[in-house]
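S.K.: There's a structure below that I have some questions on.
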Amino acid sequence: MLIKVKNAIITLKYSLYLATGLYQLTIGLFINLLVNFLMGVSLIVLYPYINPNILMIFQILAWILIAFGCYTLIFPFIKDCIKQWKYPFYIIHLLLKLSMGLTFLLIPFGIFLGISLRSELKSSKVKKNYETEKRNKYACPYTMFTLIPGIFHILLGLLVSSFLVPIILEEIDFLFPYVNYTLINLLNIYGLISIISGSLLVICSIWTNSLIQLEKTYNFTRFFKFIQILIIIGSIGLIIIYPFGTYFGITLLLEFYRLKQ
Amino acid sequence: MRLNNRVQIKSLYKSLALSTILISVINIGILSYLGSFVWIGPRCTTCFFHFNIDYRLGQEDTEDRIIREPYFKLLEMYEKHPNWAFTVECQAEMIFKIFNNTEYEHIKNLTLNLINREQMELQCALQFSELFYAYPADVFELNLRYANLTLDNFGLLDKRSNCILFQEGQFAYGLATLLNSPYASNIDTVLVSAQQLKGFQNPNINQQDYPIYYLFNPETGNSIKVLQYDYLPKWEAGYFHSWNYLYDGEIAFEDKDAKEEFIVDDEKLKVYEQELELLESRGNLFFSCSEWVEHCKKVGAVGILNYHIPECNWANVEYNSSYTWAAKNSDSTDDGEMLANNYRCRQIIFATKIVYEKYKSGLSSENRSIIESYIIQAEKLWLQATCSDSTGVGPDPIERYTAELNVLNAQMFCSQILQILADRVPELNVTQIQVDPINRAIFNAKSDFISLINILDSNLTLIDLPLNVFLSSTGQDRFYLEPKIKIRLIRYNSSDDAMISTVLDLYQLDIVFPGSQDWQNDSLSELSIKFQFKNKERDFKVIRYSPTLLENTTKKIFRNHYYHDPLYIFLILSNGFLFIPSNSSSLFGTAIIKNVTKRHTSWLWEDNFMKVIETDGIHLNAHHQFYIMDNVSIEQALRFANRINLHPPWIISKNVSMIQGNEVYRLYEQIENRLP
């Protein structure tokens, strides 16, 4: 059993099952917590938008997610036992695959941002590991993958700074002291970092190939250094904005130092 | 190349999987910690409904609808669920209306049934929902007394709750003393919002959060409990505790599509019932306020309130302490004038009562009974006029007009009392009499009328004042914006008060800002009178004032103990007394005393200035009168303030138009759009 668990963690396929299961469990628990918390609020003031029926629907959804999560977690270990059921197994497997796909859609954009940044770093790292021709091909598939989160983060930053903060500021009279100027300043910083990180990503995604070509032609080492610095700034911003993206931020920094060495 | 891509995709998936595991593990840890309070711990709810039949002051059909619709239907719903304890707060006048009207027999019976089976808790302290922080303690006490009588009359006095939420969430430090009055009988706990408690907390001190605090008045040695309520549920006193419905009961289930206000949307009420059923199915307990207080006391969830909260309302930041009720006019009221008119009515009624007390022994029992019923009617009309609905959050013209009319009718009752007395007591058969409430002296000859001040010099300018005074007003037409100013050096008649032995010279500052003379014309939008020290080393960071209901004492308060923004502190000053000590520990300093019977508005308190402002339209001429004393002792200044505002000699008459203060009704009649 222990070996199986170990294998599950280190094997890609099992890792995905484990990840999906845990993630579904988290979301299920979160919705459950939210529903239980909202039950205590005077819902009638939110009528008809939120009512006990809606809460119950969310509660059921939460339990389905929790059940699915648990099942996905243990699926790799019981797979062999239920494989003999054939038809039900086929349906269960299909449902699991579907839910895995849906789950990964729910993962915050921060993760993709982290991956994008990582790929950008890799594209610069390539200089030392691959030939220039291969490097171009390596960098290209990631352009869109970087550009979209970049635009998303610029929009998110603008949304926070230009809409959310003014709206909260307008309502501060009612929401104080829960909402105060410290929170508003933090939100502003959040918005700013998001805009800067997003802009860096957009720049990186559009310029990567050009930069590589430029460097190839004129040996612009400085440009590459500059891009690397931008990536580091972006990754630090990412760590600050998204606790979820911390893993990627740290990985990114570690890779950068490994690259330097 | 294909191999490379495959390696990259595999690496991408692995990254995704690992990050998801990491995120999920962190999240599950956080959620488990937060969820443990919600999922595992017991949960309870305190259901609270605030009712106010004066929601539309002066509209009797509205009163009727509030009783028949939201109040009755809510009680009917609760009757079906005996385990759901709940609290209803209302003015005693609402109880009077329900219990004194045969048409409401079934509503009365339902109320009694729920109270007797200890499911419904009745919170009721005042006869009328007075804006009590604007007036002195005796007004509050009178209001308490009438409520006592009403509840006692219907056998509810010993059943009322020991907790109370005052109208508009009013809070005053002096409640700790006044609620120890015999008229408050068992009331020992005041509900205060989390926003009030946290908003006025010294930002540099981190006080532990408790559901209940003890509030002490060291000035009198009295204390009360302060019960914190919040709109969001939280873990406190061993429960995941929530307050369910803290708002106005009248509009809780209102059908927005109905032609009339306060008609209940049955579907909405049903949804509310479902909400509570859902809670009950989760093992939720339902507490009344007093049960919650008892529980908190039992588990020791009680702290001590170690900072001063100035007079304020719920949503204290949105309403800026007392600003909304005593400085923010609207197109139908001038708050300062409304409050001053009510204040003047206090002097008239109290003066009339002094005259009656003095001569009642010579009256027949029949006349005494007539006069006493007139006094009751006058007092009740006047107390209703003091309710917070006549100023404050968007009062309708009818509410302003009703308050005006109530005061006028109260004055008429006073004049009728004096007529009855004059018919039987020859010495009272004069045009006007003056009553000195301090000595309870009555003067029937104009030559004997006392004056508190003697004018020494009436040709002064603003520069002659010991403080810088800046006046400003904004509006569409500058011609009308110039205020009329009169500054006089006066001497307080020291023989008036044995305690003030020295000669007390002071400045009298009168400023009259012209109004638009039309209730629907807000073109003269704002006025302000700002006081600042000439000596730049002096400021208003430390001041002394009389907390409302404790007009005979003073309290030192520090501006840096409160947030500056978004919290603007407006001090209502129920006796008009403001004292700025020479240094923070000195008992001598500068006093600015506002004559609140002229115009009763709040002061904006900032580090470097104090400012009287009125916004959102000036309609009647705004006459602000101040007395300024420099290098005066705090005791002298306080005695003078109380003499001017609380116990001034007052002229009354058997002819209502000759009563001091009645002259404003001639102005009221001239103003455009007076009638709603």
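The values are calculated or read from the model by the stated rules, or taken from the named source; none is laboratory data. Bear in mind the structure is a predicted one, so any value in this text is a computation, not a measurement. So basically every Cβ, Gly included, is an ideal-geometry build from the backbone, and we count neighbours across all protein chains shown.
S.K.: With the structure loaded, tell me whether A:I27 is within 20 Å of B:V25 (Cβ to Cβ), modelled with pLDDT under 85 and of a type outside the set (S, T, Y) or whether it fails that test. Before you say what the answer is, go through the steps one by one.
M.R.: Working: within 20 Å of B:V25 (Cβ to Cβ): yes; modelled with pLDDT under 85: yes; of a type outside the set (S, T, Y): yes.
Yes: the conditions hold for A:I27.
S.K.: Ok, one more. Considering every residue within segment B:131-145, establish whether at least one is under 17 Å from B:T46 (Cα atoms) and among the acidic types (D, E).
M.R.: Within segment B:131-145 (the criterion being under 17 Å from B:T46 (Cα atoms) and among the acidic types (D, E)), the answer is no, since none of the residues qualifies.
S.K.: If you don't mind, another one. Might you let me know whether segment B:309-321 holds any residue that is part of a helix (DSSP H, G or I) and either under 30 Å from B:Q119 (Cβ atoms) or within 14 Å of another protein chain (Cβ to nearest Cβ) (or both)?
M.R.: Step one: of segment B:309-321, the residues part of a helix (DSSP H, G or I) are none.
Taking every residue of segment B:309-321 in turn, none turns out to be part of a helix (DSSP H, G or I) and either under 30 Å from B:Q119 (Cβ atoms) or within 14 Å of another protein chain (Cβ to nearest Cβ) (or both).
S.K.: Identify, from the list A:K86, A:K4, A:K97, the residue that is among the basic types (K, R) and modelled with pLDDT under 75.
M.R.: Details: A:K86 fails: modelled with pLDDT under 75; A:K97 fails: modelled with pLDDT under 75.
Testing whether each residue is among the basic types (K, R) and modelled with pLDDT under 75 leaves just A:K4.
S.K.: I'm told B:S501 meets every condition in (1) at pLDDT 80 or above; (2) assigned to a loop (DSSP other than H, G, I, E, B) except one. Can you identify the failing condition by its number?
M.R.: Here B:S501 meets the rest and fails (1).
S.K.: Something else about it: For B:V596, which of the numbered conditions (1) modelled with pLDDT under 95; (2) β-branched (V, I, T); (3) touching a Gly at 6+ places or on another chain (Cβ under 6 Å) fails to hold?
M.R.: (1)
S.K.: Since B:E89 meets every condition but one in (1) over 22 Å from B:D152 (Cα atoms); (2) away from chain A (no Cβ under 14 Å), which condition does it not meet?
M.R.: All conditions are met except number (1).
S.K.: Mind checking which residues of segment B:214-244 are aromatic (F, W, Y), within 11 Å of chain A (Cβ to nearest Cβ) and crowded, with 21+ Cβ neighbours inside 10 Å?
M.R.: Of the residues in segment B:214-244, the ones aromatic (F, W, Y) are B:214, B:216, B:229, B:231, B:235, B:239-240, B:243.
Still in the running and within 11 Å of chain A (Cβ to nearest Cβ): B:231, B:235, B:239-240, B:243.
B:Y239, B:F240, B:W243, listed by residue number.
S.K.: When you go through (1) in a helix (DSSP H, G or I); (2) within 14 Å of another protein chain (Cβ to nearest Cβ) one by one for B:C44, which number turns out not to apply?
M.R.: (1) is the only condition that B:C44 fails.
S.K.: Among the listed residues B:E273, B:E337, which satisfies the condition of being crowded, with 21+ Cβ neighbours inside 10 Å and either under 30 Å from B:Y568 (Cβ atoms) or within 14 Å of chain A (Cβ to nearest Cβ) (or both)? Before the answer, list the steps.
M.R.: Numbers: B:E273 fails: crowded, with 21+ Cβ neighbours inside 10 Å.
None of the other options fit; the residue is B:E337.
S.K.: When you look at B:F287, is it hydrophobic (A, V, I, L, M, F, W, C), in contact with a strand residue (DSSP E or B) (Cβ under 6 Å, 6 or more places away or on another chain), surrounded by 16 or more Cβ atoms within 10 Å (Cβ to Cβ) and closer than 28 Å to B:I67 by Cβ, yes or no? Let's see the steps before the verdict.
M.R.: On the way: hydrophobic (A, V, I, L, M, F, W, C): yes; in contact with a strand residue (DSSP E or B) (Cβ under 6 Å, 6 or more places away or on another chain): yes; surrounded by 16 or more Cβ atoms within 10 Å (Cβ to Cβ): yes; closer than 28 Å to B:I67 by Cβ: yes.
Yes: the conditions hold for B:F287.
S.K.: Can you name the condition, by its number, that B:D257 falls short on among (1) touching a residue at least 12 places away in the same chain (Cβ under 8 Å); (2) more than 10 Å from chain A (Cβ to nearest Cβ)?
M.R.: So B:D257 meets the others, but not (1).
S.K.: Return a yes/no flag: does segment B:361-369 have any residue that is free of Cβ contacts under 8 Å to residues at least 60 places away in the same chain, buried (at least 18 other Cβ atoms within 10 Å of the Cβ) and farther than 30 Å from B:Q520 by Cα. I'd like the intermediate steps shown before the answer.
M.R.: Keep residues of segment B:361-369 that are free of Cβ contacts under 8 Å to residues at least 60 places away in the same chain, which gives B:361, B:364-369.
Checking which are buried (at least 18 other Cβ atoms within 10 Å of the Cβ) leaves us with none.
Looking for residues that are free of Cβ contacts under 8 Å to residues at least 60 places away in the same chain, buried (at least 18 other Cβ atoms within 10 Å of the Cβ) and farther than 30 Å from B:Q520 by Cα, one finds none in segment B:361-369, hence no.
S.K.: Looking only at segment B:32-56, filter to residues that are among the aromatic types (F, W, Y) and in contact with a Cys (Cβ under 8 Å, 6 or more places away or on another chain); which one of those is surrounded by the most Cβ atoms within 10 Å (Cβ to Cβ)?
M.R.: If we filter segment B:32-56 for residues that are among the aromatic types (F, W, Y), which is where we start, we get B:33, B:37, B:39, B:48-49, B:51, B:55.
Narrowing further to those that are in contact with a Cys (Cβ under 8 Å, 6 or more places away or on another chain): B:48, B:51.
Numbers: B:F48: 26, B:F51: 21.
Selected residue: B:F48.
S.K.: Against the conditions (1) over 24 Å from B:G249 (Cβ atoms); (2) modelled with pLDDT of 95 or more, where does B:F287 fall short? Just the number, please.
M.R.: (1)
S.K.: If a residue has to be under 22 Å from the mean Cα position of the chain (by Cα) and more than 9 Å from chain B (Cβ to nearest Cβ) to count, how many in segment A:28-68 make the cut?
M.R.: Going through segment A:28-68 one residue at a time, the tally reaches 7.
S.K.: Within segment B:260-269, restricting attention to residues that are farther than 16 Å from A:L43 by Cβ and crowded, with 17+ Cβ neighbours inside 10 Å, which residue is nearest to the other protein chains (Cβ to nearest Cβ)? Walk me through it before giving the result.
M.R.: We begin by selecting, within segment B:260-269, every residue farther than 16 Å from A:L43 by Cβ; these are B:260-264, B:266.
Subset that is crowded, with 17+ Cβ neighbours inside 10 Å: B:261-264.
Details: B:E261: 17, B:F262: 15, B:I263: 15, B:V264: 12 Å.
Ranking the qualifying residues of segment B:260-269, first place goes to B:V264.
S.K.: Restricting the search to segment B:323-350, which residues are touching an Asp or Glu at 6+ places or on another chain (Cβ under 7 Å) and either free of Cβ contacts under 8 Å to residues at least 40 places away in the same chain or hydroxyl-bearing (S, T, Y) (or both)?
M.R.: Matches in segment B:323-350: B:S330, B:S332.
S.K.: Shifting gears a bit: Please go through segment B:180-203 and give me each residue that is at pLDDT 95 or above and not in a strand (DSSP E or B), ordered by number. Steps first, please.
M.R.: The first filter runs over segment B:180-203 and keeps only residues at pLDDT 95 or above, leaving B:187-192.
Scanning segment B:180-203 gives B:I187, B:D188.
Results for (1) touching a Phe, Trp or Tyr at 6+ places or on another chain (Cβ under 6 Å); (2) not in a strand (DSSP E or B), shown as yes or no for each residue.
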site: B:S528; (1), (2): no, no
site: B:T548; (1), (2): yes, yes
site: B:N575; (1), (2): no, yes
site: B:S585; (1), (2): no, yes
site: B:A591; (1), (2): yes, no
site: B:T597; (1), (2): yes, yes
site: B:H623; (1), (2): no, no
site: B:A637; (1), (2): yes, yes
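S.K.: I'd like the residue in segment A:158-196 that is part of a helix (DSSP H, G or I) and acidic (D, E) and, out of all such residues, is farthest from the other protein chains (Cβ to nearest Cβ). If you could, list the steps in order and put the result at the bottom.
M.R.: Just the residues of segment A:158-196 that are part of a helix (DSSP H, G or I), to begin with: A:158-170, A:172-175, A:181-196.
Subset that is acidic (D, E): A:170, A:173.
Values: A:E170: 11, A:D173: 4 Å.
Ranking the qualifying residues of segment A:158-196, first place goes to A:E170.
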